[in-house]
4 protein chains.
Amino acid sequence: MIYFNCDYNEGAHEKVLERLSKTNMEQTAGYGEDEYCGQARKLICRLCKDDSLMVQFLVGGTQANMTVISAALRPHQGVLSADTGHINVHETGAVESTGHKVLSLPSVDGKITAKQVEDAYRSHVEEDSFEHMVQPKMVYISNPTELGTIYSKAELEALSQVCRKNGLYLFMDGARLGYGLTSKENDLDLEQIAKLCDVFYIGGTKVGALFGEAVVISNPALKEDFRYMIKQKGGMLAKGRLLGVQFLALLEDGLYFEISRHANELAEEIRDACKKAGYLFLVENPTNQIFVILPDVKLAELGKNYSFCYQERVDEAHSAVRICTSWATSRESVEKLIKDIEG
Amino acid sequence: MIYFNCDYNEGAHEKVLERLSKTNMEQTAGYGEDEYCGQARKLICRLCKDDSLMVQFLVGGTQANMTVISAALRPHQGVLSADTGHINVHETGAVESTGHKVLSLPSVDGKITAKQVEDAYRSHVEEDSFEHMVQPKMVYISNPTELGTIYSKAELEALSQVCRKNGLYLFMDGARLGYGLTSKENDLDLEQIAKLCDVFYIGGTKVGALFGEAVVISNPALKEDFRYMIKQKGGMLAKGRLLGVQFLALLEDGLYFEISRHANELAEEIRDACKKAGYLFLVENPTNQIFVILPDVKLAELGKNYSFCYQERVDEAHSAVRICTSWATSRESVEKLIKDIEG
Amino acid sequence: MIYFNCDYNEGAHEKVLERLSKTNMEQTAGYGEDEYCGQARKLICRLCKDDSLMVQFLVGGTQANMTVISAALRPHQGVLSADTGHINVHETGAVESTGHKVLSLPSVDGKITAKQVEDAYRSHVEEDSFEHMVQPKMVYISNPTELGTIYSKAELEALSQVCRKNGLYLFMDGARLGYGLTSKENDLDLEQIAKLCDVFYIGGTKVGALFGEAVVISNPALKEDFRYMIKQKGGMLAKGRLLGVQFLALLEDGLYFEISRHANELAEEIRDACKKAGYLFLVENPTNQIFVILPDVKLAELGKNYSFCYQERVDEAHSAVRICTSWATSRESVEKLIKDIEG
Amino acid sequence: MIYFNCDYNEGAHEKVLERLSKTNMEQTAGYGEDEYCGQARKLICRLCKDDSLMVQFLVGGTQANMTVISAALRPHQGVLSADTGHINVHETGAVESTGHKVLSLPSVDGKITAKQVEDAYRSHVEEDSFEHMVQPKMVYISNPTELGTIYSKAELEALSQVCRKNGLYLFMDGARLGYGLTSKENDLDLEQIAKLCDVFYIGGTKVGALFGEAVVISNPALKEDFRYMIKQKGGMLAKGRLLGVQFLALLEDGLYFEISRHANELAEEIRDACKKAGYLFLVENPTNQIFVILPDVKLAELGKNYSFCYQERVDEAHSAVRICTSWATSRESVEKLIKDIEG
């Protein structure tokens, strides 16, 4: 069985593991106050071309989302999100557990628009009994989204503008950021993201690390006492240097982007094979996730050798599945799959 | 200016106030442990024909909703509600502030169906990563709904059945219950509601009391330690007897139902006048709220003498407004309004 | 049985009730946005000699404490309080239920000192792993305290100074403020309290109202969006004018202070009788609560006709009880009690 | 500089790291549903001699504490803990952030007694206004405690008994459990702990793992939906097998106990050296932490080559420090330190 069901089936890229082994018996300060975290912080600032950024390393995505959002909001404030947003559907109400409503906006491709944000903000402000409603204060987007789509520079600029105009924070969940930034359709870079967002993170868990998300905060209001929040939410790793070491290994020589590109290219090949075979897609997207609609008969056949992530029934004879490549996917596995798709 | 904008513009029915005055200087135990609350509890049990019910008196609706819901749910559980439900839109995220997600279901008339509940429950149970999603555990309905519609006995039975089958609590917000139970289309009574729901409340604030909601709990699991929850959520009134005295005055001789019927009848007259004048309705409903669509010109004219609650723009020349009658509305005011609608 | 067990056994002062009756059938705006609340706000500003104060009316003390504290703090921040503080022992963890730790300081008479606050703040700041501890951000005091003691002007000034030096908010719970301000030992007034505290409240529930606490906010940071917080915490009374009307009745002609003084004077007479009878006190204090230590035999005898609040066992033959007078206590009842104490 | 300041300065034991490397590129299910976690679960059940135990792996101690406690309690319930308990002082209010009060009990050596628990429970039950107070529902202990002391079998039995009598859950924080179980004074084993506690955890972070705590739940009431809680609190590691693999490596051949014993023995040698040198101890204890009182002059001298954890000033010329050994401490370092203590 070859697993294409998600992008976190394996451990870490060998270079990450090597680095962890090499530094294993060193004695360092705990809680992310060691030199490796320090170096990784500086490196991320350099990549974002902004020395004033605060960088904090967390273990996972739900933890990062919940910590950032609860650190930013006052109790009566909520966060706008696509209805398909990870915080809205797949975090067991982590955001609500910290007291905040996720204000969901309809979305077909996982993205939300500046206009949707403006309208949601307006409808709150203009409501007569506005104090009886949750106050929108943050916008959560993921890039790539849960449906593998990405924001263009123009779209992100528009979102950023409407947020700043209305005093909303813009937060980008970058759990798969590597796959987004190396997509052939991408026109964004870390520098722009750091400028346009108030806070975002560079995902490691799905891109070559054992675990880890590097939270990057540009808005000074969000930096204040952020480390207290990490500790309170259970996210302060005792041996914090494990996170610093991993991000150093990933980012120092561009490994993060190299392995992301690898996954995207393999995904593109699978996508092309699907197109050639005449299959349609639940959503068209240019990153490492492929949302293809397969005849049930075909799916049953492929299911003998491959694991996909079932999405939804499309009609009586067709289902949509998610096929994921990752930094760890081998060309060999992909060629085998393509042959079987074609066959 | 005559106010038809809501059903809580005045104080209390004179008989309620008289009773408060008469008992004013008596010394009683605090926190709802006095004799008046005791008598009111017994009376409500008698009206519901079930001596085992727990009855607790709270001050307001948001407080009642938040206290009941947070008392019932474990942290990872959520409450299903119509998207128009009061807890979903007009309580500043009170439910979320206690850590729970409101799982909203689409609704056009303020009601939700047994099928919607079943489907929502199924889609959770059948999801592969169900532990990554909020677990539905309670169903919140309001009767009458925020749009003035009411549940039939058959509908409530169906909801109750699907809840019991799936281990969900059924909670009815009865902020306007009097107006519902005395509607000409109603076929429910307190006994049935107490049987079919796990918890509900009899609203006083909008039906003749200065304030107060009588929460009635039939499910033993929800009774346990409920008074701790009232205290913690700030809802335990020091001079609790004020609530007991008011509900006694309202319920002892059927005053509650008499004044509710009064409001419904006046609403019906206004509704008829609107129909005769050719106006359409945002929603058709049989209680004290009328959601009529008026030409903007007519609205401007009426607006000189009457206050309504603006709902939404319908088209370039029409708006929907809510016109409310209540226990306190005089026939004189209504006749004047009808004349002006006709005129 | 005459009840001296607490100061909220009766309803409201007759003038309060009259005013409620007189305005009962008026139609006003809801949620405290009516004219009566407006007038009461202005009156309180005038009494505090500061037109920039925000005044909001809440129903009860636990609600006021929880709303003020959760509105002021970020998630990692806590509130310093005497270990005997109401929020620390008698609110079923309401403050914790909003996510915040009560950082308790030892106290023998219900009061805390500027030095205790300074030391607590220092010990946090100087701790190596300060981010692993709750950050003190607010100081909660009650005046009079739960033990009936009061803060002198010098003490409050010292507390205010240490708070401002260290960026802490000073919050005074004034549930019994009337009894404090009219104590023969008091040297504080509303103007000074408004200046020295960031937020405080004038308690109505225990001083002549049916219910109600007037929260007065001087610090601009605490005013922002405060009404959202009231709504979210279930404290926004639909018929908010009930609160405005009551505070107008209490404060317009000095009734609040007059009836408070009355209670203090009667308490003083009981206190003197106890002293003459040779009884000791759990704590010496100058307001409406008397914490006297009685022989169990005597207590049993008095218990036939009077209800006190049992405090604690002092030794094998003695118990401490709380005897409360209030605005509603009659001279007749007190004279009877004194005779029985002497007898 | 040699670090004796804590027991998590290094990475993982080499055998742990080897195992992670060996399994690195395998494809497994996520979220702890892989085979390694399955095997580790079975192994722990075997060690505890109870196949019905639920075992869940979490990343860190604060996360484990917060998840277990918030999963177990209803909103009005609190957890009893020594005032020195980790949850009470060093977790930035994580427990309170989930809505629950930590009810602290005085302790001089980090331990609490069955009598203290019984008294606390009694005082709640017997309080007249018990519903106005937080209801004690869980007892949190750590073994070893934050002061390195351990519970005897008799003490744990007494605690367990009083908890079961009163319906309280007993929860043991075992962040340093290995050091406790291999202490020369210990008379407890995993089987007894699993029987006497409702839930406890076997700490990996401080005993040879990169990170990880194995939560073991025996009480069925606490098992229900526990994995939802892990996800909601941000503790569900995507590559969950990392935890299973590590615990397998640690527990399969007794490595966990072997390396714990090693640390205890080295600690004993340091302790003896301190005694011989005439130094007193802040607390006497038999595990890997030594709380010794040193002359400031001596401390300054040692501080040139060794890092300790400063505890507190004892008098004008003396300070207490914590010296920690761990699984990673070398005999060489300890011998050097002993020489310098003696010298």
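A few notes on this one:
- Taking every DSSP beta bridge that has both ends in chain A, the antiparallel portion is near 60%.
- Listed by chain and number, the lysines whose alpha-carbon sits under 27 Å from that of residue C:184, ignoring those within fewer than 8 places in the same chain, are C:15, C:49, C:111, C:115, C:153, C:195, C:206, C:275, C:276, C:336, C:339.
- Within straight-line reach of residue B:233, meaning a Cα separation under 17 Å, sit the following lysines at least 8 residues removed in sequence or on another chain: B:223, C:101, C:231, C:233, D:101.
- The Rg/Rh ratio of the stretch A:21-161, with both radii computed over alpha carbons and Rh defined as the Kirkwood radius, is 1.05.
- Taken over the alpha carbons of the stretch C:14-254 as equal point scatterers, the Debye sum produces base-10 log I(q)/I(0) values at 0.10, 0.12 Å⁻¹ of -0.45, -0.64.
- Listed by Cβ neighbour count within 10 Å, with the fewest neighbours leading, C:13, D:262, C:318 appear as C:318, D:262, C:13.
- Rg/Rh (Cα only; Kirkwood hydrodynamic radius) as it applies to the protein assembly as shown: 0.98
- Range in chain D, longest, excluding exposed trypsin sites (Lys or Arg not before Pro) [loop by DSSP; at most 11 other beta-carbon atoms within 10 Å]: D:1-183
- Listed by Cβ neighbour count within 10 Å, with the fewest neighbours leading, C:113, A:23 appear as C:113, A:23.
- Using the Cβ of residue D:201 as centre and a radius below 9 Å, the other residues enclosed give a net charge of -2, where K and R count +1 and D and E count -1.
- For the stretch A:35-71, the residues whose backbone nitrogen is under 19 Å from a point 7 Å from the Cα of residue A:189, taken along Cα to Cβ, are A:42-53.
- Copy-to-copy label separations for residue D:221, where each label sits 7 Å from Cα toward Cβ, in nm and ascending: 1.4, 4.2, 4.4
- Among A:123, A:260, A:307, the largest mean-square fluctuation in a Gaussian network model of chain A (Cα springs under 10 Å) belongs to A:123.
- Rounded to the nearest 20 debye, the dipole size of the stretch A:14-254 about its Cα centre is 480 debye, using +1 on the Cβ of Lys and Arg and -1 on the Cβ of Asp and Glu.
- Put a dot 7 Å past the Cα of residue D:331, heading toward its Cβ, do the same for residue A:253, and the two dots end up 3.9 nm apart.
- Under a Gaussian network description of chain D, with springs only between Cα atoms under 10 Å, the residue in D:174, D:303, D:78 that fluctuates furthest is D:303.
- Each of A:197, C:48 was scored by other Cβ atoms within 10 Å of its Cβ. Arranged with the fewest first, they read C:48, A:197.
- Within a straight-line Cα-Cα reach of under 20 Å, residue B:165 can be paired with the following aspartates and glutamates, leaving aside sequence neighbours fewer than 8 residues apart in one chain: B:118, B:119, B:126, B:127, B:155, B:157, B:198, D:224, D:225.
- Over the residues of chain B, the helix contribution to mean residue ellipticity at 222 nm works out to -12000 deg cm²/dmol, using -39500 (n - 2.57) for each DSSP H run of at least 4.
- Longest segment of chain A lacking GluC sites (Glu not before Pro) that sit in a DSSP loop with at most 10 other Cβ atoms within 10 Å: A:127-315
- Euclidean distance between Cα centres, the stretch A:242-274 to the stretch C:104-145, Å: 50 Å
- Simple spin-label estimate for residue C:1 and residue D:115 in nanometres, 7 Å along Cα-Cβ: 3.7 nm
Coordinate-derived values only; no laboratory data. What you see is a predicted model, and the numbers here were worked out from it, not measured in a lab. A quick note on method: Cβ atoms are made from the backbone with ideal geometry, for glycine too, and the neighbour counts reach across all protein chains shown.
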